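> My structure is below; once you've seen it, I'll send some questions.
We did not get these values from a lab; they are worked out from the coordinates using the rules stated. In this text the structure is predicted, and so the values were computed from the model without any measurement. Positions of Cβ are generated from backbone atoms using ideal geometry, with glycine treated the same way; all protein chains shown enter the neighbour counts.
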Amino acid sequence: MKIIDSHVHIYEKIAGITQGQPIASKTLGQVMIGNKEVQFLPPSFERTCSTAEVLIAYMNWCGIDKGILMPNPLYGYQNYYFMESIKKYPDRLKGVALVDVMKGKKAAEELADIYDKGILFGLKIEVDSTFQCAPDTRLIDKKLDSVWDCCNQYHQPVFVHMFRTEDIDDLEKLSEFYPNITYVICHMGADACFKAEMPDTNYERVLNLLKKKNIYADTSTVPVYFEEEYPWLSSVKIIEKAYQTVGAEKLMWASDYPGMLNHGTMKELINLVLNGCKKIPGSQKEKIMYENARRLFFAD
């Protein structure tokens, strides 16, 4: 079965910001967050970096045809490295753009320039990292209108990692205001659904969002929220419930490489869907593992 990984991360070094503090690569998978040393990746990542070459080696080893490079302010701005990596592996990789959306109109102009170059596509919003210096910012705040206008004008997708209940409300409104944007909910709803302090009904609300024509979800990282070991039975139930509610057409497999290697092997991440989700027929798994992402992002 062909596979597209719709959510992977590469970076020559970590030089970003998280929870209002700088985060920087050390060695052996460790980073410094402010003054605190943290084990961020497995120690086999000797320089605490995630290069395109190592990603491609994992893809070759595990039978993954293509990957979508996903940015995050936590790692730092990697647009240039993404572009260089895509030029090196044009048949294997596509890269999502990252700009500081808090700049409003200037961010929109930067995005338009990126889209005109034709190498990167889309936009990633991880709410916690994007708004960490202005935590009361909403996705529907007027200051972001020019950014959404740009994505809508260029028919570019937006990948959203939600953290708050209001992010669910806002995404529903955005999907109606900007119908030319395809939205991908990262991690099946992520912190807005699976954190202990969140209402149990939030995942139901995310499933309702997936019924909208222009909203999809990726399957990555759910095991982290339940702190369980492979075969990650809670995650299996969540993915199967999504399939039963909205069908395979709205789901895309993703690994969240390399961070998820702290919790399982790449082959286990693949088998979460292929072997674990027994309520999903094989023909429908082909859509989740490959066809949906190919149709949305690789069908030029």
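> Just want to confirm a number: the relative contact order over region 154-198, from Cα pairs under 8 angstrom separated by 6+ residues, in percent. Walk me through the intermediate numbers first.
Numbers: 50 pairs, mean separation 24.3, N = 45.
After rounding, I find 54 percent.
> Relative contact order for region 1-102 using alpha-carbon pairs under 8 Å, separation at least 6, rounded to a whole percent?
Values: 191 pairs, mean separation 31.2, N = 102.
Computed value for region 1-102: 31 percent relative contact order.
> Mind scanning 88/143; 94/250; 173/195; 237/267 and naming the pairs with a C-alpha gap bigger than 27 Å? Spell out each step's value before the answer.
Numbers: 88/143 36 Å; 94/250 20 Å; 173/195 23 Å; 237/267 19 Å.
In this structure, 88/143 exceed 27 Å between Cα atoms.
> Here's something else I'd like to know. Considering the chain as a Gaussian network with a 10 Å cut-off on Cα pairs, which listed residue, 116, 145, 256, attains the greatest mean-square fluctuation?
116
> GNM on the chain, C-alpha springs below 10 Å: top fluctuator among 33, 125, 185?
33
> Compute the signed sum of charges (Lys and Arg +1, Asp and Glu -1) over the other residues within less than 14 Å, Cβ to Cβ, of residue 131.
On the way: positive: 103, 124, 138, 143, 164; negative: 100, 126, 128, 136, 141, 166, 167, 170, 191.
Around residue 131, the surrounding residues sum to -4.
> Starting from the Cα gyration tensor of the chain, take the square roots of the eigenvalues, sort them a ≥ b ≥ c, and report rounded, prolate or oblate (rounded when a/c is under 1.5, otherwise prolate if a/b is larger than b/c, else oblate).
Numbers: a/c = 1.21, a/b = 1.04, b/c = 1.17.
Rounded, because the longest to shortest axis ratio a/c is under 1.5.
> Normalised by the number of residues in the chain, what is the relative contact order in percent for Cα pairs under 8 Å and 6+ residues apart? Intermediate values should be presented prior to the final figure.
On the way: 560 pairs, mean separation 49.8, N = 300.
Relative contact order of the chain: 17 percent.
> What full-extension length gain, to one decimal in nm, is calculated for residue 38 and residue 89 as 0.36 nm per residue of separation minus the Cα-Cα distance?
On the way: separation 51, 0.36 × 51 = 18.36 nm, distance 3.16 nm.
That pair, residue 38 and residue 89, stretches by 15.2 nm at full extension.
> Which whole-Hz ³J(HN,Hα) couplings does region 238-255 yield from phi under the Karplus relation 6.51 cos²θ - 1.76 cosθ + 1.60, θ = phi - 60°, glycine and proline marked x?
5, 5, 5, 5, 4, 4, 5, 8, 10, x, 5, 4, 9, 10, 9, 5, 8, 9
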